[in-house]
Amino acid sequence: DGGITQSPKYLFRKEGQNVTLSCEQNLNHDAMYWYRQDPGQGLRLIYYSQIVNDFQKGDIAEGYSVSREKKESFPLTVTSAQKNPTAFYLCASTLGQAYGYTFGSGTRLTVV
Amino acid sequence: AQSVTQLGSHVSVSEGALVLLRCNYSSSVPPYLFWYVQYPNQGLQLLLKYTSAATLVKGINGFEAEFKKSETSFHLTKPSAHMSDAAEYFCAVSLPFTGGGNKLTFGTGTQLKVEL
């Protein structure tokens, strides 16, 4: 079955370390997104990509970086510049606006 | 720009009672509207969507929502709550044909509790 796979599900890192979250989809969707979720704040857009080798900053891109070298993959790196990285991270993709998003199951990052 | 407001961050209902989760939107053009459900430590799952066809939209798990342009609302309802409906629900909006990467803007969510 087609879907989005995020890995790992839980991730622990020490403060000051960079960490990369994986997002892979086999839905043949062009557009992919990264959201951050904190309690009571809904979902906030970090980065998005509409096509391979192109991506745009979202509302809270500072301290994050992405790449889109393949259509299927959109990894997110949380850098040491991100002041408060502990959160639940969600990856999504879409075929187009009328379809809504398909989400992965998320990665919970805890920085200690 | 578009936005959504979900009234009530927490809603509690008895099992078998009506579920009503409120969503109001703001947009400069007729929007696409979505409701998603999220169970703990999971991703979001699409419940239903409005994309300018019928104003009453039926979704999965017995949920439905009605698009009311005059009230700029898209409230989610279910006639009879079940314990398995306990989850967080998100309303989302996007503006068709305006470019900008097909982005969805999400509300802050409503946590639904179902009591015996």
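The values are calculated or read from the model by the stated rules, or taken from the named source; none is laboratory data. As the structure is a computational prediction, the values presented were derived from the model and not from experiment. All Cβ positions, even for glycine, are placed from backbone atoms using ideal geometry, and neighbour counts span all protein chains on display. For the accessible areas, the whole protein counts, side chains as well, though only heavy atoms, and no ligand, DNA or RNA atoms are used. Shrake-Rupley method; radii C 1.70, N 1.55, O 1.52, S 1.80 Å.
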Checked chain A with the C-alpha gyration tensor, a ≥ b ≥ c its square-rooted eigenvalues, rounded below a/c of 1.5, otherwise prolate if a/b is larger than b/c and oblate if not; verdict prolate
Heavy-atom accessible area with a 1.4 angstrom probe orders A:Val78, B:Val29, most exposed first, as B:Val29, A:Val78
Cα-Cα pairs in chain B separated by more than 21 Å, as a whole percent of all pairs, come to 33
In nm, the gap between the two label points placed 7 Å beyond Cα toward Cβ at A:Asn28 and B:Glu64 is 3.4
For the stretch A:59-112, listing trypsin sites (Lys or Arg not before Pro) in a DSSP loop whose Cβ sees at most 14 other Cβ atoms within 10 Å gives A:Lys83
A chain fully extended from A:Gln56 to A:Thr86 at 0.36 nm per residue, minus the present Cα-Cα distance, gains in nm 8.5 nm
Computed over the stretch A:16-68, the distribution of all Cα-Cα distances in 5 Å bins, rounded to whole %, is 4, 16, 27, 26, 17, 8, 2, 0
Links exceeding 31 Å between C-alpha atoms in this model, out of A:Lys9/B:Lys69; B:Lys69/B:Lys103; A:Lys70/B:Lys69, come to A:Lys9/B:Lys69; A:Lys70/B:Lys69
Rounded to the nearest 10 Å², the accessible area of B:Tyr25 using a 1.4 Å probe with every protein chain kept is 20
The simple spin-label model distance between A:Asp38 and B:Leu116, using points 7 Å out along Cα→Cβ, in nm, is 3.8
From highest to lowest solvent-accessible area (probe 1.4 Å; ligands, DNA and RNA excluded), A:Asp59, A:Asp54, A:Asp30 read A:Asp59, A:Asp30, A:Asp54
Fraction of alpha-carbon pairs in the protein assembly as shown farther than 23 Å apart, rounded to whole percent, equals 48
Listed by chain and number, the lysines with an alpha carbon less than 26 angstrom from that of A:Lys14, same-chain partners under 8 positions apart left out, are A:Lys57, A:Lys83
The aspartates and glutamates whose Cα lies under 13 Å from the Cα of A:Lys71, excluding any fewer than 8 residues away in the same chain, are A:Glu24, A:Asp30, A:Asp54
